[in-house]
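Report on the following structure.
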Amino acid sequence: MKTPLLIFISLLSGLTAFAQSLTSSPYSRYGIGEMNLQTFAAPSAMGGSFIAYQQDSIAPYYINVANPASLSGLRQSVFEVGGQAQFTTISSSNTSLKKNNTNFSYGSVGFPLKRIGGAAFGIMPYSTMGYKITSNEDATGVGNMKYIFEGDGGINKVFLGTGLKPFYRNEIKFYNSNLRDTLVKYGNYKKYKRVKFGKQLLSNLSIGATANFLFGTINQTTDIMYPGSVTYYNTKRQRSAQINDFSFAGGLQTNFTIDSVKNKGKRRLLKEKIKIGIGAFINTPDELNAKQNNLIYNYSLDGFGIERAKDTVLNSQNTNGKIVLPLEMGFGLSIKKGEKLTVLVDAATTNWSGFKYFDAPSSGLKNSYRVSTGLNYVPNKLAFGTSNYYKRVHYRLGVTYSDGYLDLKNTAISNYAVTAGFGFPVGIGRFDDVAIVNISAQYGKMGTISNNLLQEDYIRLVLGFTFNKRWFIKYKYD
């Protein structure tokens, strides 16, 4: 128990130290910053699809923190850690610049809860802000004006989630019941199939819930300058918000199997089962307690370029208020062919019209939706030998599209991307001790150069490590 706890403490300090360098997007100026998709390296390579992403029957197991219902499938303790690098080209209609960011992204420990479920805790960024925008204006009667908008910081998330299967014995009880015997005895196969199907859905039903502690600081500065003017003072506004409060999320998953068969003469041979999974999740519209500092003052620059304050317009410190998060929900579908192939489809929506920042609706935000699809293919998890290594590798592809939650100059800031990745098994000792190196690459575009807006072309690389261990289970023999 000490090992994962010590690792988690080190991750907590690491994320707190580096969270502010995660983005350079000018669009992070709005709301509470750029919202981070709450997935790890493996689902990131599948277009960020996670809603119906369930555990395989054979290791490796992964932590799907975005839908806690999937935690019910953990059969071993899991430790996941990852980081990312993003290379962005920001373009306008007449110029462009390049920005690079590298960051620790997540760390989490998960473990099974006997046969009925699993749990996980960890830390990851929730939103990030990092921008500097400069513009000039020639105002009539005033002259040249220069605007500088800057922002940094973000919100981190510490989470504790659990997923349970409260009815996991329901199907077994049906097979051992008098009802089954009666239906089979009298040849009522239609009713037998209906009842069996319902019992299977109920037995495989997973219910999950997550409690998140959100904390962090967002700093924003607006500087209005009058270069060369002796008539007007410059004006600067510094605003910061500190958030420390809880939010909650929930999820559901279930699945049923279809036996895939082929004809061989008069015999029908059972092949790998096809498993159809469905999932749903919700992030509740929580009200977060927050404190805000506001400082507005006029100043001039001396001959050395140093600010000299002239007068204070507003100085408001530690003002209590609320930040209302938007309601988010979605549905997903998964199709699994044995332990080889998994195909995922997601659709989600976020009600940004309900977002409030200290009781004032934030401008430039709109309701948004996201769709994605992805696949994971493993030729043979149980293949042995160096020559068969490629059969144990996970091959992943995906695509995602969002119409975006920003509406600027009557233009939606949409985002679309294609993804690909691999999961490389390494350092396997015992059969139940598995390590996977997950690599994900994403190429995407956000925004547009139309209407004097900005377009971001980015490449995002995610490197994650997944370890399956028996930390919480004692060996009878070794």
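To keep it simple, each residue is scored yes or no on (1) surrounded by 14 or more Cβ atoms within 10 Å (Cβ to Cβ); (2) more than 30 Å from Arg308 (Cα to Cα); (3) within 25 Å of the chain's Cα centre (by Cα); (4) of a type outside the set (D, E, K, R).
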position: Pro125; (1), (2), (3), (4): yes, yes, yes, yes
position: Val142; (1), (2), (3), (4): no, no, no, yes
position: Tyr147; (1), (2), (3), (4): no, no, no, yes
position: Ser177; (1), (2), (3), (4): no, yes, no, yes
position: Ile207; (1), (2), (3), (4): yes, yes, yes, yes
position: Ile224; (1), (2), (3), (4): yes, no, no, yes
Only listed residue being at pLDDT below 95 and more than 30 Å from Gly251 (Cα to Cα), chosen from Lys114, Lys173, Lys132 = Lys132
query = Just checking, how many residues over the stretch 112-123 are touching a Pro at 6+ places or on another chain (Cβ under 8 Å) and either surrounded by fewer than 23 Cβ atoms within 10 Å (Cβ to Cβ) or charged (D, E, K, R) (or both)?
reply = 1
request  = Select from the stretch 322-341 the residues that are in contact (Cβ under 8 Å) with a residue 40 or more places away in the chain and either among the hydroxyl-bearing types (Ser, Thr, Tyr) or assigned to a strand (DSSP E or B) (or both) and list them in ascending order.
outcome  = Ile323, Leu327, Glu328, Met329, Gly330, Phe331, Gly332, Leu333, Ser334, Ile335, Lys336, Lys337
ask   = From the residues in the stretch 141-198 that are free of Cβ contacts under 8 Å to residues at least 12 places away in the same chain and hydroxyl-bearing (Ser, Thr, Tyr), which one is farthest from Asp223 (Cα to Cα)?
value = Tyr186
ask   = If you go through the stretch 283-306, how many residues are assigned to a strand (DSSP E or B) and either closer than 30 Å to Asn67 by Cβ or free of Cβ contacts under 8 Å to residues at least 40 places away in the same chain (or both)?
value = 5
message = Take Ala66 and tell me if it is touching a residue at least 60 places away in the same chain (Cβ under 8 Å) and either surrounded by 24 or more Cβ atoms within 10 Å (Cβ to Cβ) or over 21 Å from Val393 (Cβ atoms) (or both).
response = yes
key: Criterion (in contact with an Asp or Glu (Cβ under 7 Å, 6 or more places away or on another chain) and closer than 29 Å to Phe358 by Cα) met by exactly one of Val324, Val313   = Val324
Conditions (1) at pLDDT below 95; (2) surrounded by 19 or more Cβ atoms within 10 Å (Cβ to Cβ); (3) among the aromatic types (Phe, Trp, Tyr): number failed by Phe159 = (1)
task = Return the only residue of Ile306, Ile335 being closer than 30 Å to Ala52 by Cα and either in contact with a Ser or Thr (Cβ under 9 Å, 6 or more places away or on another chain) or surrounded by fewer than 16 Cβ atoms within 10 Å (Cβ to Cβ) (or both).
result = Ile335
inquiry  = Checking the structure you have, find out if any residue of the stretch 218-234 is under 27 Å from Lys340 (Cβ atoms), of a type outside the set (Gly, Ala, Ser) and not in a loop (DSSP other than H, G, I, E, B).
reply    = no
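The values are calculated or read from the model by the stated rules, or taken from the named source; none is laboratory data. Worth saying up front: this structure is predicted, and the values here are computed from it rather than measured. For neighbour counting, all protein chains shown are included, and Cβ atoms are generated from backbone atoms with ideal geometry for every residue, glycine included.
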